[in-house]
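Engineer: Pasting in a structure now, in structure tokens, and then I'll have a few things to ask.
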Amino acid sequence: MVWCRAHLGLPIPLGAPADGLKPGPADVMLARCRSPSHGGSREKFFDHNMQHTCDCGECCRPRDRTHYNFLHLCLKQARNAEANGDHEPRTSSMLMHALTDEQCANLFPKEGSASAQSKDRIKRLNEAVKLSSSEDPSTRTEAHATINTILGEQVQADKNAKGLRLDIHLVFPDKSERGIDVGTTHHLKKGTLNTAKNWFLKKHALRRSCHLQGISLPRDQDASPAVNAVVLHKTKKYKPLFDYMQAQRFAGQRRVVPSWLACIISNVCEFSPDVFKLVEQVTLLHKRKYLDPKHRPLDGHTPNRAAARFRTHFKDTLACEVARGYGNMILSTAVHAG
């Protein structure tokens, strides 16, 4: 409990063992679950790892609403900056309509399905895409021929396949594209506490060492274990889709491949690196509106000031939306006593 308060800023449950730590204004009373499916539990609990919140049917709606609001906030800000965006675009449209919706649903394998036909196809395509960037001309030629052969194969029905659908597809004015999937996580997931604790202690030791030596902290862009785990999971999940789009580009079937962005925010509002990338890229689009004398907004702001206001507002609204979503999830399953 002390560690949670010191390193994560999380509340402690009043009435639980806290090693003598004095209660603070942010701490909460132990609560009961309201869900009838859990029998209206009479025992008070503190859902420190949110396992109950994630499993309880009472909080499905606020959890889905948090994801929906996070997604649409990113889409809204991008559109305000004059980018074109689609919410959950059809996979067939992402693949330039080279395949039908049914074929797309049978193309991408589920994780751990060794018998999936789609898994073998995607594996061969991934190897060919890697070889297509070789410095050896003959290897590249052979890889391109393999890619054309695989793209021309008939997609068969596969019960072990899993259809993929991105959350957001953005097209910027310069015709560059972004493929985005959003998500949230928390730092106290069951089975990850030791990893999170070691990571935070390592960061704390580095900060203390720099302070004692009187030097500035080195630039740190590493995500915490909780955020990094979700980023890796989503990257692995959507890699077959992006490999297929990369193969289409090598085969001359598309001009560009969308840049992949895994935008993850934790319950303490830690942003994944791709969230900052998205914010900066959209902010640059907003700034360019003020650099165009013909279409410049007449609000009196300079380009730099307008960009700073837009960036701050974007990040603040993202953090507030996720924080509100986690609060709604907790309130949906428990009523605090006192």
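Each value in this text was obtained by applying a stated rule to the coordinates, not by laboratory testing. On a predicted model such as this, the values are computed, not experimentally measured, just so you know. Glycine gets a Cβ as well: all are built from the backbone with ideal geometry, and neighbour counts include every protein chain shown.
Engineer: Using only the C-alpha atoms of region 218-338, find the volume of their convex hull and express it per residue in Å³.
Structural biologist: So the per-residue Cα hull volume is 221 Å³.
Engineer: Shifting gears a bit: Which order do the peptides 84-90, 215-221, 280-286 come out in when sorted by mean C-beta neighbours inside 10 angstrom, highest first?
Structural biologist: Listed from highest to lowest mean packing, they are 280-286, 84-90, 215-221.
Engineer: For the pair Asn198/Asp101, report the inter-label distance in nm, with labels modelled 7 Å from Cα in the Cβ direction.
Structural biologist: 4.7 nm
Engineer: Same structure again: With +1 on each Lys and Arg Cβ and -1 on each Asp and Glu Cβ, how big is the dipole of region 163-224 about its Cα centre, in debye rounded to the nearest 20?
Structural biologist: Magnitude of the dipole: close to 440 debye.
Engineer: Shifting gears a bit: Using 0.36 nm per residue of separation minus the Cα-Cα distance, give me the extension gain between His211 and Arg90 in nm, one decimal.
Structural biologist: On the way: separation 121, 0.36 × 121 = 43.56 nm, distance 5.14 nm.
Full extension from His211 to Arg90 adds 38.4 nm.
Engineer: What shape does region 106-233 take by its C-alpha gyration tensor, where a ≥ b ≥ c are the square roots of the eigenvalues and a/c under 1.5 counts as rounded, a/b above b/c as prolate, and the rest as oblate? Let's see the in-between values first.
Structural biologist: Numbers: a/c = 2.40, a/b = 1.83, b/c = 1.31.
The shape class here is prolate.
Engineer: Mind ranking 201-207, 249-255, 263-269, 305-311 by how tightly packed they are, going by the mean number of other C-beta atoms within 10 angstrom, highest first?
Structural biologist: 263-269, 305-311, 249-255, 201-207
Engineer: Provide the packing ranking of 142-150, 224-232, i.e. peptides ordered by the mean count of other C-beta atoms within 10 Å per residue, highest first.
Structural biologist: Output ranking for 142-150, 224-232: 224-232, 142-150.
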